[in-house]
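Take a look at the structure below.
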Amino acid sequence: MLQLYFWPMACSLASRIALMEAGIEARYHMVHLWTKKVLDDDGDFRAVSPKGAVPVLVLENGERLTESAAVLQYIADLRPELGLAPPPGHPDRYRLQEWLSFIGTELHKGFLFPTFWYKDDAALAKPRERIGQNVAIVAAHLAGREYLVGERFSVADAHLAWALTLLRPAGVDVAQWPDLAGYLARMQARPQVKAAIGIETQLWKTVTA
Ligand SMILES: N[C@@H](CCC(=O)N[C@@H](CS)C(=O)NCC(=O)O)C(=O)O
């Protein structure tokens, strides 16, 4: 069985959404991101992955895969019939990678990560200046579209739904972009997305209580 190392509401939530949308059962291991402890057994998370960052997906053969863009595509390719990623070689596969990269770098590492990790007003001035411009790019792309890539839900939507869910607690109100707000509401209403967010919201409450 696949195993996913995660921290509630962190970027690993996109991988949980992808697994649930794919109907793939997995074992989930919660990691404390600050202490680097695996909470099941008090193990050292850096022994699982020297990066010390989630997501880590343990494959059926025991190999460990990191980086959301790779993990999400791996999950999608386990169930090609569901179209969670366009097939390798299809022109839209590069669009998917383009969006996974933009979300992972510009939205996540460029803004969400420093906002929640460093919490330092001076260091956050530039990221705060840039985030509106980057979110506006996503909003403009979504005008008149249901999904980020092609005509169906893909793992790029799983990644974006996670990032947009965290924008409000990070101080950016997506309501200023109606197309984006509508998209987020649609994504959050998908049964598997809603269930995944529900599970992690509960876990988040337990770890922060
Ligand atoms: N490039 C990685 C970034 C992963 C990442 O930064 N994960 C965060 C949680 S959202 C983390 O585990 N941070 C802990 C740390 O950097 O020490 C990806 O896209 O998966």
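Values quoted throughout were computed directly from the atomic coordinates according to the rules given, and no laboratory measurement underlies them. In this text the structure is predicted, and so the values were computed from the model without any measurement. Don't worry about glycine lacking a Cβ; one is built from the backbone with ideal geometry, like all the others, and counts go over all protein chains shown.
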Ellipsoid semi-axes in whole angstrom, largest first, where each is sqrt(5λ) of the Cα gyration tensor of region 91-192:
23, 15, 12
What ³J(HN,Hα) values, in whole Hz, does the Karplus curve 6.51 cos²θ - 1.76 cosθ + 1.60 give for region 127-141 when θ = phi - 60°, with x put for Gly and Pro?
x, 5, 5, 8, 5, x, 5, 6, 5, 4, 5, 5, 4, 5, 5
Region 2-83: relative contact order as a whole-number percent, Cα under 8 Å and 6+ apart
33 percent
Packing rank of 93-105, 133-145, where each peptide gets the mean count of other beta carbons within 10 Å, highest leading:
93-105, 133-145
List the relative contact order of region 109-209 as a percent without decimals, with contacts defined as Cα pairs under 8 Å and 6+ residues apart.
24 percent
Once Rh is set to the Kirkwood radius over Cα pairs, what Stokes-Einstein translational diffusion coefficient, in µm²/s, holds for region 2-83 at a temperature of 25 °C and a viscosity of 0.890 mPa s?
194 µm²/s
Each residue of region 150-159 in turn: what ³J(HN,Hα) in whole Hz from Karplus with 6.51, -1.76, 1.60 and θ = phi - 60°, glycine and Pro shown as x?
x, 10, 9, 4, 10, 5, 5, 5, 4, 5
Compute the separation of the alpha-carbon centres of region 143-209 and region 1-16 and state it in Å as a whole number.
15 Å
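Beta carbons within 10 angstrom, averaged per residue: use that to sort the peptides 125-131, 75-81, 155-161, highest first.
The densest-packed peptide leads the list: 155-161, 75-81, 125-131.
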Given the DSSP H assignment, sum -39500 (n - 2.57) over each helix run of at least 4 residues in the chain and divide by its residue total; what's the result at 222 nm in deg cm²/dmol, nearest 500?
-16000 deg cm²/dmol
The chain pair-distance distribution - Cα-Cα, 10 Å bins, rounded %
8, 35, 38, 17, 2
Would you work out if region 67-132 is rounded, prolate or oblate? Take a ≥ b ≥ c from the square roots of the eigenvalues of the alpha-carbon gyration tensor; rounded if a/c is under 1.5, else prolate when a/b is larger than b/c, oblate otherwise.
prolate
Are there chymotrypsin sites (Phe, Trp or Tyr not before Pro) in region 1-85 that DSSP puts in a loop and that have at most 14 other Cβ atoms within 10 Å, and which ones?
TRP34
Mean separation of Cα pairs under 8 Å and 6+ residues apart, divided by the residue count of the chain: what relative contact order is that in percent?
23 percent
Can you compute 3J(HN,Hα) from phi for each residue in region 101-111, using the Karplus curve 6.51 cos²θ - 1.76 cosθ + 1.60 with θ = phi - 60°, rounded to whole Hz and x for Gly and Pro?
5, 4, 5, x, 9, 6, 7, 6, 6, x, 9
Counted charge near GLY89, where neighbours are those whose Cβ lies closer than 14 Å (Asp, Glu -1; Lys, Arg +1):
0
